[in-house]
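Take a look at the structure below.
The values are calculated or read from the model by the stated rules, or taken from the named source; none is laboratory data. Not measured: the values here are computed from a predicted model. Positions of Cβ are backbone-derived with ideal geometry, glycine not excepted, and every protein chain shown enters the neighbour counts.
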Amino acid sequence: MNLVIFGGTILTMGSMGIIRDGAVVVEGGTIIDVGKSDEIKRKYPRYERIDASGKIVMPGLVNTHQHAAMSLLRGYADDYPLREWLENWVWPFERHMTGYDIYVGALLTAVESVMGGTTTINTMYHYMEDYNEAMAFAEVGLRGVIGHVCFSWRKDHDRKALNDLAGRWHGKADGTIRVSVDPHAPYTVDPEYMGELRAITLELNERYGSSGEPIIWHTHLAETEDEARKIKESFGVTVENGVVDYMDSLGVLSGDVVAAHCIHLTGRDMEALRTRSVKVAHNPISNLKLASGVSPVPELLNMGVTVALGTDSPCSNNSADMFEVMKFTALLHKGVNKNPILLPAEQVLRMATIDGAKALSWDNEIGSIEPGKKADLAILNFKRPHLWPLYSEISHLIYAVKSSDVETVIINGRIIMEDREIKTVRVEEVMEKADKAKEKLLERLHSH
Ligand SMILES: [Zn+2]
């Protein structure tokens, strides 16, 4: 579709900065021109138009750490100690989840995410052949990196799943779906398997990927204080200088690794993140809810580490709202460091857009509004009492906006939501499916 979005304030998050009364031209899935409305309207008289007068046009948000299928567990169990929460609640529930449940959970998260202005999600879950998260994202039209989570206890299963996932989905759905290899964490993946997963990633990239479209890594790292002890307990390996340093000693860290959390870090850990260009996915709401601790984000940013943002799963957050995540990020680090100048609004917005794209090695196509990039856009209505009056668009986006202020969302040049109506799937139907899946899961759980 050829489209001109005109009249709005364009936050490009790129070299063109903020353009007032600006316009974006989309041809196929790609942005071909950005400029002042008058000029653009003259240049492209025949293109279909979206009037964004009085509205904000921004790059869609990039959620760099999700477990999309887990929306089926939203609110199922809260306020327990982590171990009890996992062992007595989350894991027993998940053992009964089928491929279809995973698909339905991911559909629900995809719809919720689009409605909140998110256009790309990096998700780690179990890949199944029959139904999976990739199918759900493609159906909704959401861009995503779909992972398969790997554990030492099921290596054969993982090898097969990774091959199938990469072969069937990498670069598919008009290039909106990419895949990743996801070692769960250094205490559930033994050192040897960690190395093997690196080799598998290389092989898969040779077969299905390319330098512009890589198959990346997605893992949990340094989430809880006792991670070094858990590694020793599981594999008999002594971790002396921190868990990131330990991962580095295995030779598995590089610029294609998205490491979620990175909370409990030694000096050597931070140095390893920097020298290996590892990308950090910061999940402030999940970290607070699970009482995991606070990641030293200001220090990491100072060192030049790329820190992007994520919600984490819908049962440790419990929403997929990236505007909430941005606000928490800005407030949390000011509060714990007693320093109001840390994490200013503009920096936080970068973390959720262009730096999120960098984290997923996808910044050649997404994360900012620039000619040549894919058209992933969110249009917000600022004519609301809670967004009035207006001094700075970016201030409002971080401190005052609600995700329900997002009106229209375009992904890969397709209008996925217009005036808050999702065009690709019926939202009521998705909710009904999720409700039925939940009831059946509870039945299976209680009959065991
Ligand atoms: Zn997680």
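Below are the figures for this structure:
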{"item": "Meets criteria (at pLDDT 95 or above, β-branched (Val, Ile, Thr) and more than 15 Å from the ligand (Cβ to nearest atom)) for residue 252", "result": "yes"}
{"item": "Cβ pairs under 6 Å, 6+ apart, first in the range 298-317 and in contact (Cβ under 8 Å) with a residue 40 or more places away in the chain, second away from the ligand (no atom under 16 Å from the Cβ) and part of a loop (DSSP other than H, G, I, E, B)", "result": "298/342"}
{"item": "Residue in the range 289-298 that is crowded, with 19+ Cβ neighbours inside 10 Å and farther than 24 Å from residue 125 by Cα present", "result": "yes"}
{"item": "Meets criteria (within 16 Å of the ligand (Cβ to nearest atom) and either surrounded by 16 or more Cβ atoms within 10 Å (Cβ to Cβ) or part of a strand (DSSP E or B) (or both)) for residue 163", "result": "no"}
{"item": "Residue satisfying condition, being without any contact (Cβ under 8 Å) to a residue 24 or more places away in the chain, part of a strand (DSSP E or B) and within 29 Å of the chain's Cα centre (by Cα), within set 25, 57", "result": "25"}
{"item": "Residue in the range 46-69 that is within 30 Å of residue 284 (Cα to Cα) and among the basic types (Lys, Arg) present", "result": "yes"}
{"item": "Qualifying positions in the range 17-56 - surrounded by fewer than 17 Cβ atoms within 10 Å (Cβ to Cβ) and within 21 Å of residue 411 (Cβ to Cβ)", "result": "27, 28, 30, 32, 33, 48, 49, 51"}
{"item": "Residue ID - farthest from the ligand (Cβ to nearest atom), chosen from residues in the range 298-310 that are assigned to a loop (DSSP other than H, G, I, E, B) and over 17 Å from residue 223 (Cα atoms)", "result": "304"}
{"item": "Residue selected from the range 195-230 under the condition in a helix (DSSP H, G or I) and under 21 Å from residue 266 (Cα atoms), by the criterion nearest to the ligand (Cβ to nearest atom)", "result": "227"}
{"item": "Only one of 111, 145, 149 that is of a type in the set (Val, Ile, Thr), away from the ligand (no atom under 16 Å from the Cβ) and either assigned to a helix (DSSP H, G or I) or at pLDDT 95 or above (or both)", "result": "111"}
{"item": "Residue 260 vs. criteria within 16 Å of the ligand (Cβ to nearest atom), over 21 Å from residue 85 (Cα atoms) and in a strand (DSSP E or B)", "result": "no"}
{"item": "Residue 297 vs. criteria within 30 Å of residue 165 (Cα to Cα), of a type in the set (A, V, I, L, M) and under 21 Å from the mean Cα position of the chain (by Cα)", "result": "no"}
{"item": "Residue list for the range 383-410, filter: without any contact (Cβ under 8 Å) to a residue 12 or more places away in the chain and assigned to a helix (DSSP H, G or I)", "result": "385"}
{"item": "Tally of residues being within 16 Å of the ligand (Cβ to nearest atom), polar (S, T, N, Q) and not in a strand (DSSP E or B) across the range 171-194", "result": "1"}
{"item": "Selection from the range 113-143 of residues that are closer than 17 Å to residue 158 by Cβ, of a type in the set (Ser, Thr, Tyr) and surrounded by fewer than 24 Cβ atoms within 10 Å (Cβ to Cβ)", "result": "125"}
{"item": "Flag if residue 281 is within 16 Å of the ligand (Cβ to nearest atom), out of contact with any Leu (no Cβ under 8 Å at 6 or more places or on another chain) and closer than 24 Å to residue 401 by Cβ", "result": "no"}
{"item": "Residues that are under 21 Å from residue 324 (Cα atoms), in a loop (DSSP other than H, G, I, E, B) and of a type in the set (Val, Ile, Thr), drawn from the range 337-371", "result": "341, 353"}
{"item": "Residue match in the range 318-326 (condition: under 20 Å from the mean Cα position of the chain (by Cα), buried (at least 20 other Cβ atoms within 10 Å of the Cβ), outside any loop (DSSP other than H, G, I, E, B) and within 16 Å of the ligand (Cβ to nearest atom))", "result": "yes"}
{"item": "Checking residue 268 against (1) over 23 Å from the mean Cα position of the chain (by Cα); (2) buried (at least 19 other Cβ atoms within 10 Å of the Cβ), the condition it does not meet", "result": "(2)"}
{"item": "Per-region count, the range 61-75, residues closer than 14 Å to residue 289 by Cα and within 16 Å of the ligand (Cβ to nearest atom)", "result": "1"}
{"item": "Candidates 313, 295, 286 - the one that is within 15 Å of the ligand (Cβ to nearest atom), at pLDDT 95 or above and in a helix (DSSP H, G or I)", "result": "286"}
{"item": "Residue within the range 231-241 that is at pLDDT 95 or above and within 16 Å of the ligand (Cβ to nearest atom) present", "result": "no"}
